[in-house]
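Down below is the structure, laid out as structure tokens.
What follows is calculated from the coordinates using simple rules that are stated; it is not laboratory data. Keep in mind the model is a prediction, meaning the values are calculated, not measured. Glycine also receives a Cβ, built like all others from the backbone with ideal geometry; neighbour counts cover every protein chain displayed.
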Amino acid sequence: MGRETFLFWRLAYFFMTECGYRLMNMNDAQTGMWLENRKNKNATFIRLIRADLVWSNPVIRDQQNAAIQAEKLRKHYFRRSLNVLNIYVTTYPPMDAEHMMPEKNLSASIGKTTVFTILSSRENYQSSINRMSETLHTPIDFLLKEEYEDAEIFTLRQGVLKRTGSIDGEEEQKLFEFTKPRLTYFFIVIQVLIFLIMEANGGTTNTETLIKYGAKFNPLILNGEWWRFFTPIFIHIGIFHLAMNTIALYYLGTTVEKMFGHIRFFWIYLCSGFIGTLASFVFSPSISAGASGAIFGCFGALLYLGFAYPQVFFRSMGMNVIGVIIFNLIFGFTVTGIDNAGHIGGLVGGFLATGAVHFPKKKNKITQVLFLLSTIIVIGGLLYFGFRNN
């Protein structure tokens, strides 16, 4: 007994080890699972089901439900189209399943999602395996015995679950927990100390005090005080401004620093803050200050995670990050007194600065060079445009 159950786990193990799929969801450890590989456009998701089927109607309904679920995934991941390979492993085909044989094209479509179904039974095992090979463009060749012991199935199942833990758990933990944050707390202390010093020497809402301590003031930048591209990162206008940016820096800064390490975070934070101030210099004549550009740079660093590791990004924090960015940009455009040019500049700067250094212990030289050149071009273009037009 157990040949089909063994095949179910053998296919799962093969898809994960040889085809680059990862376990996304388990409906039931014995009956069904979803696997994903976003690089495979022919079958971005594989739905693997172990069930002994009697009639074909439940299969057709189940296939439609799978298409509905997959269409939700397509919208969640912002995919233009999506193909799903739906595999049923059954001992015998349904009694009315002539139209469901592997040589037939059984599919269901919802929106821009298409689900291709393959029914694998003892009668059509080889032809179903051939269809899987054609769909995935990977040869599959399993030599199966007639029956398997429970111990053999258990060992294979543990192999699948163990591999799942090593890929999803350990690797992602290393990605998100590279180091402990320290610089974030340093930046928080610096901006609080500067705020207290400024409050004791004229007040942080006083224009003269802001200019004296290094706020962005275009005439003085044009007069050669280039350090004003950096000093505004640590200056805040009023206690509410300081409180909001300190809270944001605490949550975002620690997350980014843990992912990228101290040196990379130092580069990302200051580079995005600089580009944010530079964008404000180009597009806004007003006096401005604050860590908002650098904080939006941290958002840009998280967006780079989505660029480099989209699967990890969207199943962890992706939609929350995108939602918060959109909300803040809309808020900035609709409320007066907010330097949205600095926010957008910081967001772009953080994304580019992160791409230039990539992730710790993970080199991608071509991509890093392209991002570094893009960073230089953006900075050079803004400087040229700013000094020429101001």
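If the chain linking Lys363 and Thr336 were pulled fully straight, counting 0.36 nm for each residue of separation and taking away their Cα-Cα distance, it would gain 5.5 nm. Within the chain, the longest run free of chymotrypsin sites (Phe, Trp or Tyr not before Pro) that sit in a DSSP loop with at most 11 other Cβ atoms within 10 Å is 79-390. Fewest neighbouring Cβ atoms within 10 Å first, the residues Val84, Val282 line up as Val282, Val84. Measuring gaps between exposed loop sites in the chain (GluC sites (Glu not before Pro); DSSP loop; at most 12 other Cβ atoms within 10 Å), the longest gap, sites not included, is 178-390. Applying a threshold of 18 Å to the alpha-carbon distances of Lys72/Lys174; Lys72/Lys112; Lys162/Lys361; Lys41/Lys112; Lys180/Lys363; Lys75/Lys362 flags Lys72/Lys174; Lys162/Lys361; Lys180/Lys363; Lys75/Lys362 as lying beyond it. The label point for Thr205 and the one for Leu143, both projected 7 Å from the Cα toward the Cβ, are 8.3 nm apart. For the range 203-285, the relative contact order is 35 percent, taking Cα pairs closer than 8 Å that sit 6 or more residues apart in sequence and dividing their mean separation by the residue count.
For the range 294-390, applying the loop criterion from DSSP together with a ceiling of 12 other beta carbons within 10 Å to the trypsin sites (Lys or Arg not before Pro) yields Lys361, Lys363. Annotation: the antiparallel percentage among DSSP beta bridges lying fully within the chain is about 55. In the elastic network of the chain, a GNM with C-alpha springs shorter than 10 Å, the most mobile of Gly293, Gly349, Gly214 is Gly214. In angstrom, the C-alpha Rg and Dmax of the range 16-93 are 12.9, 38.
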